[in-house]
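The values are calculated or read from the model by the stated rules, or taken from the named source; none is laboratory data. A quick note: this is a predicted structure, and the numbers were derived from the prediction, not measured. Note that we place each Cβ from the backbone using ideal geometry, even for glycine, and neighbour counts take in every protein chain shown. Please note that ligands, DNA and RNA were not included when accessible areas were found on the heavy atoms of the full protein model with its side chains. Shrake-Rupley method; radii C 1.70, N 1.55, O 1.52, S 1.80 Å.
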Amino acid sequence: MALIAAEALAGRLADPQTVIGDVRWYLADPHQGRVEYERGHLPGARFVDLDTDLSVAEGPGRHPLPPVAVFCRTLGRMGIGPDHTVVAYDSSGGAIAARLWWMLDSIGHRSAFVLDGGYQAWVEEGLPITASVPQPSPVDYPTSQEWRGVVNGDQVRSFLGRRTILDARSEDRYRGENETVDPRAGHIPTARSAFFGKNLTPGGRFLPPESLRLRYRELGVGESDTPVAYCGSGVTACHNLLALRLAGIPGDLYEGSWSDWSSSSDPLVATGPRPGDAPPD
């Protein structure tokens with residue numbers, strides 16, 4: 001399982017092999033997560049910045065993946081080695097924390113989890129919060145060769161009508177309404193609306209695996225299908241990839257996502273509630 005409950009994590013706070021990453025981040029104010037971290041966080045948690053630790057400035061879309069070597073250096077700076085268990089949390093139902101989980105999983109890290117229910121679940125359990133910032137000792141994290149399970153825009157074009165494509169953004173943005181972030185409104189033709197929030201219960205925990213499996217089968221993911229997940233910039237798509245993993249279904253990440261697709265010179269765009277058709281060959 002790629003999830004851990006608050007009570008189970010509390011039992012591992014004294015374990016030096018467990019490292020906690022606070023990945024709180026908000027689109028409306030990217031600095032708010034760090035402010036919240038400084039006010040209070042789980043004991044021992046390192047702050048992991050989406051914009052500087054899990055992304056780089058140049059590349060496809062708004063949150064391009066860093067080179068694997070750069071990410072491994074970031075892990076080492078945080079005191080994370082290949083044998084550590086890493087637990088990521090946020091206050092957004094795992095929408096941001098899943099990016100750290102996915103990146104670790106992609107490079108073959110053996111033990112990575114998302115805190116189910118996030119910061120809110122921890123607080124609801126009455127578990128300790130601190131403002132003390134840890135000072136980890138750097139370690140060496142061996143560099144992997146490349147990201148696994150990543151596809152680009154050209155590959156996605158070739159998949160239209162051949163593989164299931166899942167859009168993790170809110171349903172209004174999928175339909176082409178209320179687009180305030182990216183150059184064009186709408187979705188990739190043939191993509192299914194798969195808002196990441198529907199992976200969760202009303203209480204903010206992930207649905208059980210059998211419910212997630214049914215959700216994605218109803219979205220058209222076939223038995224032998226490897227779906228492609230995208231969102232605005234390759235972040236909340238990782239939440240769908242985590243949900244797919246829990247359901248026992250492999251999936252790939254479109255790194256640049258809609259921010260990459262919609263900024264190309266001649267993007268294929270569909271609008272409205274229906275997936276739309278694949279272009280003729």
Quiz item: Which condition number in (1) assigned to a loop (DSSP other than H, G, I, E, B); (2) in contact with a Phe, Trp or Tyr (Cβ under 7 Å, 6 or more places away or on another chain); (3) at pLDDT 95 or above is the one that Val235 fails?
Solution: (2)
Self-check item: Every residue from region 136-170 that is in a loop (DSSP other than H, G, I, E, B), among the hydroxyl-bearing types (Ser, Thr, Tyr) and open to solvent by 50 Å² or more (accessible area, probe 1.4 Å)
Solution: Ser137, Thr143
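Here's the yes/no breakdown for (1) surrounded by 17 or more Cβ atoms within 10 Å (Cβ to Cβ); (2) under 18 Å from Ser91 (Cα atoms); (3) of a type in the set (Lys, Arg):
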site	(1), (2), (3)
Leu200	yes, yes, no
Gly204	yes, yes, no
Pro208	no, no, no
Ser224	no, no, no
Asp252	yes, no, no
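Among the residues in region 199-209, are any assigned to a helix (DSSP H, G or I), within 18 Å of Phe113 (Cβ to Cβ) and in contact with a Gly (Cβ under 9 Å, 6 or more places away or on another chain)? Reasoning before the result, please.
First, the residues of region 199-209 that are assigned to a helix (DSSP H, G or I): 199, 209.
The next check asks that each one be within 18 Å of Phe113 (Cβ to Cβ); those that pass are 199, 209.
Next, from what is left, pick out any that are in contact with a Gly (Cβ under 9 Å, 6 or more places away or on another chain): 199, 209.
Yes, that holds for at least one residue.
Are any residues in region 171-198 touching a Gly at 6+ places or on another chain (Cβ under 9 Å), open to solvent by 70 Å² or more (accessible area, probe 1.4 Å) and in a loop (DSSP other than H, G, I, E, B), and if so, which ones? Working first, answer last.
To start, the set of residues in region 171-198 that are touching a Gly at 6+ places or on another chain (Cβ under 9 Å) comprises 173-176, 179, 181-182, 184-192, 196-197.
In the following step, the residues that additionally are open to solvent by 70 Å² or more (accessible area, probe 1.4 Å) were identified as 175, 184, 192.
Matches in region 171-198: Arg184 only.
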Quiz item: Which condition number in (1) under 18 Å from Phe159 (Cα atoms); (2) open to solvent by 10 Å² or more (accessible area, probe 1.4 Å); (3) of a type outside the set (Asp, Glu) is the one that Ala229 fails?
Solution: (2)
Practice problem: Residue by residue through region 254-281, note down the ones that are of a type in the set (Ser, Thr, Tyr) and surrounded by 17 or more Cβ atoms within 10 Å (Cβ to Cβ). | Solution: Tyr254, Ser257, Ser259, Ser262
